[in-house]
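Asker: Could you have a look at this structure, given as structure tokens, before my questions?
The values are calculated or read from the model by the stated rules, or taken from the named source; none is laboratory data. None of the values given here were measured: they were computed from a predicted structure. Quick reminder, even Gly has a Cβ in these numbers, built from the backbone with ideal geometry, and neighbours come from all protein chains shown. Areas reflect the complete protein model, heavy atoms only, side chains present, ligands, DNA and RNA absent. Shrake-Rupley method; radii C 1.70, N 1.55, O 1.52, S 1.80 Å.
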Amino acid sequence: MGFKYLLVVMCLLACSASLACKAPSDGLMRVRLKRRSLDIKSLSSARIKAVVSKNHLEADGVYLKNYLDAQYFGEIGIGSPPQSFKVVFDTGSSNLWVPSSKCIMSIGCIIHSKYRSKLSSTYKKIGTPCKIPIGRGAIYGFFSQDYVKIGDMIIRDQDFAEITKEGSLEFLAMHFDGVLGLGFQNFSVGEVTPVWYNMIEQGHTGQKIFSLWLNQDPMAKIGGEIVFGGIDWKHFRGDHTYVPISRKGYWQIELDDIRIAKDSSGLCEGGCSAIIDSGKSLIAGPTSIVTQINHAIGAEGYVSYECKNIVHTYGDTIWKFITKGIRPEIVCVDLGLCSRNGSHSYRKNEFIETVVHGETWGETGTRESPFCTFCDMIVLWVQVQLKQRNAKEKILKHIDELCEKLPNPIGQSFIDCNSISTMPPITFMIGNKAFPLSPEQYVLRVEEGCSTVCYGGFVGLDVHASQGPLWVLGDLFLGAYHTVFDYGNLRIGFAEAV
């Protein structure tokens, strides 16, 4: 009797631990998603870099993206028996790829699960080499064929890429093993049939749709859910607003307008588009409009903000120290912003390097914070201005303006967490209906130790005039709106997520 109870408990545990279980009541196939918590290091690495190549856009419209921005991933199995992989379900690409056991010379493969063809009884060799764009570079490998398990579905004879070489350190920083593209076949590398197509062809879905819900609660155990073949009604309220696909190859739609508070940006008078991309966490758009948004929400570049913060906090003291004859090279040490002794010269490349990595090297070989770099630069600027016999108020104002001109290699915009409640909504007009994002929805809160840092979720993206203006609506938007990708009718639907 006790053995029977043990079997029951084991079965219940197995079902509860599963990332995807078929719901017998509605016949839908659900895959639960995990949410990766952001930290400053990973967010800084997640900036959009050369997202769109103008030459590619003119030739074939290939959209290059950085998967480091993705926050949500789920588990699939490849092979017989299934080998488990964590993948991003990405509507912005079309290929399935995972690391290969033959990836032995790339550091990134060491920390990720690898596909081993010798362990699968359903593996079929293809061997055609491939190159898949990712971030600023590419990953390399070859195509193979095997069974793919998603939830309770088994997709037979699915072509996928085994990755044998990663082209940059971006792959090393990924919190997932690979990507399962849910885009269209005409932009699939190698013209490989996407998993979603085979899922339909093999009769696994009653309807030619899949729907996506991303949980915005960072404390929740379930990060989100993707449903193949239907819609889970408990994840949204009201009706979906459907709009047609405007460009086959991407889940791309037309935008009517983008509003900052109640004011139109004026961008879409001649028409503009948006790619709905579950593999991107941020929202990207034309720099001219993103600049307006960042101005309206008080966003500043991280470098500019921290530089100005030191001016406002320590400017008067730095002035006093220098005018009283304290040696410039020890001013920042006395302020507690630097720990090294002696002077230190700064070169442009060195400054950018220190900001990117959040540290600098002192003469004694110890690591310094970027505040030390900013302080030393401000001391130098004060010295230069004093030689010109300028008054203190004029000098500090000028230095504040210099901070505005500093480059921002980190790529994200910095926001005062205390001012979020006063920020305006940013609204996307789609299908003659308003889809607003509140400040709480478009601001990223990043916990770092005992403090919280806030970043704006908007970044610049400028494309060739023939393809623009173009927006990329990533997880910040998809978290606010439950989304239905209707392949059968070539349309996308949005409803308020709950």
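Asker: Return the residue satisfying two criteria in turn: it lies in region 329-340 and is assigned to a loop (DSSP other than H, G, I, E, B) and open to solvent by 50 Å² or more (accessible area, probe 1.4 Å), and of such residues it is modelled with the highest pLDDT. I'd like the intermediate steps shown before the answer.
Answerer: So the first thing to find is which residues in region 329-340 are assigned to a loop (DSSP other than H, G, I, E, B), and the list is 335-340.
Now restrict to residues that are open to solvent by 50 Å² or more (accessible area, probe 1.4 Å): 336, 339.
On the way: GLY336: 84, SER339: 74.
My answer is GLY336.
Asker: Residues of region 280-298 being under 26 Å from ASN215 (Cα atoms) and either of a type outside the set (A, V, I, L, M) or open to solvent by 10 Å² or more (accessible area, probe 1.4 Å) (or both), which ones?
Answerer: Filtering region 280-298 down to residues under 26 Å from ASN215 (Cα atoms) leaves 280-285, 290, 293-294, 297.
Hits for region 280-298 are LYS280, SER281, GLY285, ASN294.
Asker: Now for a separate question. Would you point out the residue of region 301-328, among those that are of a type in the set (D, E, K, R) and more than 40 Å from the chain's Cα centre (by Cα), that is surrounded by the fewest Cβ atoms within 10 Å (Cβ to Cβ)?
Answerer: The initial filter retains those residues of region 301-328 that are of a type in the set (D, E, K, R), namely 306, 308, 316, 320, 324, 327.
Now narrow it down to the ones that are more than 40 Å from the chain's Cα centre (by Cα): 320, 324, 327.
Details: LYS320: 12, LYS324: 7, ARG327: 11.
Among them, the one singled out is LYS324.
Asker: Working only within region 244-279, note down all residues that are open to solvent by less than 10 Å² (accessible area, probe 1.4 Å) and over 24 Å from VAL88 (Cβ atoms).
Answerer: LEU255, ILE258, CYS272
Asker: Would a scan of region 156-166 turn up a residue that is assigned to a loop (DSSP other than H, G, I, E, B) and either of a type in the set (Phe, Trp, Tyr) or touching a residue at least 40 places away in the same chain (Cβ under 8 Å) (or both)? Talk me through it step by step, then tell me what you get.
Answerer: The first filter runs over region 156-166 and keeps only residues assigned to a loop (DSSP other than H, G, I, E, B), leaving none.
No, region 156-166 contains no residue that is assigned to a loop (DSSP other than H, G, I, E, B) and either of a type in the set (Phe, Trp, Tyr) or touching a residue at least 40 places away in the same chain (Cβ under 8 Å) (or both).
Asker: Residues that are in contact with a His (Cβ under 8 Å, 6 or more places away or on another chain) and surrounded by fewer than 19 Cβ atoms within 10 Å (Cβ to Cβ): list the strands (runs of 3 or more DSSP E) wholly contained in region 448-498 that include at least 1 such residues.
Answerer: 491-497
Asker: I'm trying to understand the selection: among the residues of region 421-445, which are hydrophobic (A, V, I, L, M, F, W, C) and part of a strand (DSSP E or B)?
Answerer: To start, the set of residues in region 421-445 that are hydrophobic (A, V, I, L, M, F, W, C) comprises 423, 426, 428-430, 434-435, 437, 443-444.
Once the filter is applied, which keeps residues that are hydrophobic (A, V, I, L, M, F, W, C) and part of a strand (DSSP E or B), region 421-445 yields ILE426, PHE428, MET429, ILE430, ALA434, PHE435, LEU437, VAL443, LEU444.
Asker: State all residues of region 212-234 that are touching a His at 6+ places or on another chain (Cβ under 8 Å) and crowded, with 24+ Cβ neighbours inside 10 Å; if no residue qualifies, say none.
Answerer: Across region 212-234, the qualifying residues are LEU212, TRP213, PHE228.
Asker: Then there's this: Quick one: would you say SER438 is open to solvent by 10 Å² or more (accessible area, probe 1.4 Å), of a type outside the set (Lys, Arg), within 21 Å of ASP257 (Cα to Cα) and within 20 Å of the chain's Cα centre (by Cα)? Spell out the reasoning first.
Answerer: Values: open to solvent by 10 Å² or more (accessible area, probe 1.4 Å): yes; of a type outside the set (Lys, Arg): yes; within 21 Å of ASP257 (Cα to Cα): yes; within 20 Å of the chain's Cα centre (by Cα): yes.
Answer is yes for this residue.
Asker: Moving on. If we scan region 199-207, do we find a residue that is open to solvent by less than 10 Å² (accessible area, probe 1.4 Å) and within 20 Å of the chain's Cα centre (by Cα)?
Answerer: At the first step, the residues of region 199-207 found to be open to solvent by less than 10 Å² (accessible area, probe 1.4 Å) are 199.
Checking the rest, the ones that are also within 20 Å of the chain's Cα centre (by Cα) come to none.
No; the residues of region 199-207 include none that is open to solvent by less than 10 Å² (accessible area, probe 1.4 Å) and within 20 Å of the chain's Cα centre (by Cα).
Asker: ILE126: under 13 Å from SER144 (Cβ atoms) and surrounded by 20 or more Cβ atoms within 10 Å (Cβ to Cβ), yes or no? Before the answer, list the steps.
Answerer: Details: under 13 Å from SER144 (Cβ atoms): yes; surrounded by 20 or more Cβ atoms within 10 Å (Cβ to Cβ): no.
Judged against the criteria, ILE126 is not a match.
Asker: Then there is this: Which count do you get for residues in region 67-91 that are at pLDDT 90 or above, open to solvent by less than 10 Å² (accessible area, probe 1.4 Å) and not in a strand (DSSP E or B)?
Answerer: Qualifying residue count, region 67-91: 2.
Asker: Can you say whether PRO425 is open to solvent by 50 Å² or more (accessible area, probe 1.4 Å) and modelled with pLDDT of 90 or more, as far as the supplied structure shows?
Answerer: Working: open to solvent by 50 Å² or more (accessible area, probe 1.4 Å): yes; modelled with pLDDT of 90 or more: yes.
Yes: the conditions hold for PRO425.
Asker: Starting from residues that are over 22 Å from VAL189 (Cα atoms) and either assigned to a strand (DSSP E or B) or among the hydrophobic types (A, V, I, L, M, F, W, C) (or both), keep the ones in region 97-121 and report whichever is modelled with the lowest pLDDT.
Answerer: Looking at residues that are over 22 Å from VAL189 (Cα atoms) and either assigned to a strand (DSSP E or B) or among the hydrophobic types (A, V, I, L, M, F, W, C) (or both), I get ILE107.
Asker: For residues that are surrounded by fewer than 14 Cβ atoms within 10 Å (Cβ to Cβ) and either of a type in the set (A, V, I, L, M) or touching a strand residue (DSSP E or B) at 6+ places or on another chain (Cβ under 7 Å) (or both), scanning just region 381-400, find the one that is modelled with the lowest pLDDT.
Answerer: For region 381-400, the residue satisfying everything is VAL384.
Asker: SER281 - would you say it is of a type in the set (Ser, Thr, Tyr) and assigned to a strand (DSSP E or B)?
Answerer: Values: of a type in the set (Ser, Thr, Tyr): yes; assigned to a strand (DSSP E or B): no.
Taking the combined requirement at face value, the residue does not satisfy it.
Asker: Considering (1) assigned to a loop (DSSP other than H, G, I, E, B); (2) over 13 Å from ASP159 (Cα atoms), say which one SER94 fails and leave the rest.
Answerer: (2)
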